[in-house]
Amino acid sequence: MYSLKVEGTFSSAHNLRGYKGKCEDLHGHNWRVVICVKSKDLDNIGMVLDFKYLKKELNVALEKMDHKYLNKLSYFKKVNPTSENIAKYIFNKLITRIPLLKSVTVWENSTSAATYEE
């Protein structure tokens, strides 16, 4: 099995509804996002997918959240913008463009991350 990973970043603000503590207040993160694709097979030139394609698709998805207040995006008006839900949101945005997508990991800081995979 082969796996590829690419990374992207975005900056945004959010607040967690129903959370009792500092994260209930408006605050921001410089998010780091890692996507992973997996395949048993390589194409005719020996690649799973082109890194350039993966980075482009990831950056398109992240641009919609960059320098935004996440709670105001339509998806997060109904779903709390936790790291877990952000990972799922990005996964759902990418899976139609990257069928080999295995997981999305969202880092909110250097020591805390959430991963979503189906």
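Numbers at a glance
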read-out: P(r) of region 68-118 over all Cα-Cα pairs, binned every 10 Å from zero, in whole percent; value: 27, 49, 25, 0
read-out: Rough spin-label spacing in nm, given labels placed 7 Å along Cα→Cβ, for residue 44 and residue 84; value: 4.5 nm
read-out: Residues 86, 35 arranged by fewest to most Cβ contacts within 10 Å; value: 35, 86
read-out: Relative contact order [Cα under 8 Å, 6+ residues apart], region 1-102, whole percent; value: 35 percent
read-out: Listed residue pairs exceeding 22 Å between alpha carbons, taken from 5/72; 52/102; 64/88; 68/88; 38/78; 22/77; value: 5/72; 38/78
read-out: Residue of 33, 104, 60 that the Gaussian network model of the chain assigns the largest fluctuation, springs spanning Cα pairs under 10 Å; value: 60
read-out: Ascending count of other beta-carbon atoms within 10 Å, so fewest first, for 14, 29; value: 29, 14
read-out: For the chain, convex hull of alpha carbons as volume per residue, Å³; value: 105 Å³
read-out: Tilt relative to the chain, helix 83-94 - C-alpha long axis, 0 to 90 degrees, to 10; value: 40 degrees
read-out: Residues of region 93-118 with amide N under 20 Å of a point placed 7 Å along Cα→Cβ from residue 63; value: 93-99
read-out: Debye, to nearest 20: dipole size of region 44-118, +1 on Lys, Arg Cβ, -1 on Asp, Glu Cβ; value: 300 debye
read-out: DSSP-assigned coil residues among chymotrypsin sites (Phe, Trp or Tyr not before Pro) in region 84-118, each with at most 13 further Cβ atoms within 10 Å; value: none
read-out: Qualifying chymotrypsin sites (Phe, Trp or Tyr not before Pro) in region 1-60, DSSP loop, other Cβ atoms within 10 Å at most 12; value: 19
read-out: Expected 222 nm ellipticity per residue - DSSP helices of 4 or more, -39500 (n - 2.57), all of the chain, to 500; value: -7500 deg cm²/dmol
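None of the figures in this text is laboratory data; all of them are computed from the coordinates on show. Owing to the predicted nature of the structure, the values given are computational and were not obtained by experimental measurement. As a convention, Cβ positions derive from the backbone with ideal geometry for all residues, glycine included, and neighbour counts pool all protein chains shown.
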